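The values are calculated or read from the model by the stated rules, or taken from the named source; none is laboratory data. Just so you know, these numbers come straight off a predicted model, no measurement behind them. Here the Cβ is made from the backbone with ideal geometry for all residues, glycine too, and neighbour counts use every protein chain on show.
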Amino acid sequence: SNELYLAPPPDKLVDCANNIMIWLGSGPFPEPLPATFNGKPCFTLMTGQAGVDYWNTVVTRWKAIHATALPDIAPPVVSLFSPGVVGSTTLTGLVSLTATAADDHGVLAVQFQLDGRAIGAPLTVDAPPTKYTLVWDSASVPNGTYTLSATATDTAGNTTTSAGVTVTVSN
């Protein structure tokens, strides 16, 4: 199946135990989350500043427990969120491009790309954490069909490019 899910896909949940999901999107979480599964607590959804504060606390605890520096061999995880998961894929005028990126040692930058060519400068500040947004003037390229993607680079130089999203520029 080519369906994308933010929550566990329907009928695929095998077990669940006290998971915390942090939603920094606008509006309510777009999918139902099971509160319990087989009688056990399953998901707690945290949003807004409370979610960011919880995330920062967990990261601080983890760093205190795992103080030994390990080599960073794992690349970051990156996903093009808008357009893609949300938002129209027909682009006109100024459009907001949003990607999410995360890495166990930190994301250094996210670069948006159109057909593999950089759009703007790499984004180096993430606010809120893991969310990178660039306002881009789609009129800067001729009308047509393109592939939009985002590449994340972590602090060790490891990179990952998101799956491409086909977009149509129509100005």
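Being in contact (Cβ under 8 Å) with a residue 12 or more places away in the chain, in a strand (DSSP E or B) and loosely packed, with under 15 Cβ neighbours inside 10 Å narrows it down to one of SER79, SER96, so name that one. First the steps, then the outcome.
Numbers: SER79 fails: loosely packed, with under 15 Cβ neighbours inside 10 Å.
So the residue among SER79, SER96 that is in contact (Cβ under 8 Å) with a residue 12 or more places away in the chain, in a strand (DSSP E or B) and loosely packed, with under 15 Cβ neighbours inside 10 Å is SER96.
Listed by position, the strands (runs of 3 or more DSSP E) contained in the range 103-152 that have at least 2 residues being under 14 Å from the mean Cα position of the chain (by Cα) are 107-114, 131-137.
Every listed requirement among (1) under 18 Å from LEU91 (Cβ atoms); (2) modelled with pLDDT under 95; (3) more than 19 Å from the chain's Cα centre (by Cα) is met by ALA163 save one, (3).
Can you pull out every residue in the range 149-163 that is without any contact (Cβ under 8 Å) to a residue 60 or more places away in the chain and surrounded by 15 or more Cβ atoms within 10 Å (Cβ to Cβ)? Show your work before the answer.
Within the range 149-163, the subset without any contact (Cβ under 8 Å) to a residue 60 or more places away in the chain is 157.
Hits for the range 149-163: nothing passes.
The residue pairs whose first member lies in the range 104-127 and is farther than 21 Å from THR145 by Cβ, whose second member is hydroxyl-bearing (Ser, Thr, Tyr) and surrounded by fewer than 18 Cβ atoms within 10 Å (Cβ to Cβ), and whose beta carbons are closer than 7 Å, counting only pairs six or more residues apart or on different chains, are HIS105/THR155; GLY106/THR155; LEU108/THR124; LEU108/THR155; ALA109/THR124.
Residues checked against (1) among the β-branched types (Val, Ile, Thr); (2) modelled with pLDDT under 90; (3) out of contact with any strand residue (DSSP E or B) (no Cβ under 7 Å at 6 or more places or on another chain):
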| site | (1), (2), (3) |
| --- | --- |
| ALA69 | no, yes, yes |
| VAL107 | yes, no, no |
| PHE112 | no, no, no |
| ALA121 | no, no, yes |
| ALA127 | no, yes, yes |
| GLY144 | no, no, no |
| ASN158 | no, no, yes |
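When GLY48 is tested against (1) surrounded by 16 or more Cβ atoms within 10 Å (Cβ to Cβ); (2) within 17 Å of the chain's Cα centre (by Cα); (3) not assigned by TED's automatic domain parsing to the domain that holds ALA163, just one condition goes unmet, and that condition is (1).
Here's the yes/no breakdown for (1) assigned to a loop (DSSP other than H, G, I, E, B); (2) farther than 21 Å from ALA101 by Cα; (3) hydrophobic (A, V, I, L, M, F, W, C):
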residue	(1), (2), (3)
ALA17	yes, yes, yes
ILE20	no, no, yes
GLY27	yes, no, no
GLU31	yes, no, no
PRO34	yes, yes, no
MET46	no, no, yes
GLN49	no, no, no
TYR54	no, no, no
THR57	no, no, no
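None of ASN18, ASN38 is over 21 Å from the mean Cα position of the chain (by Cα), over 25 Å from ASN158 (Cα atoms) and modelled with pLDDT under 75 except ASN18.
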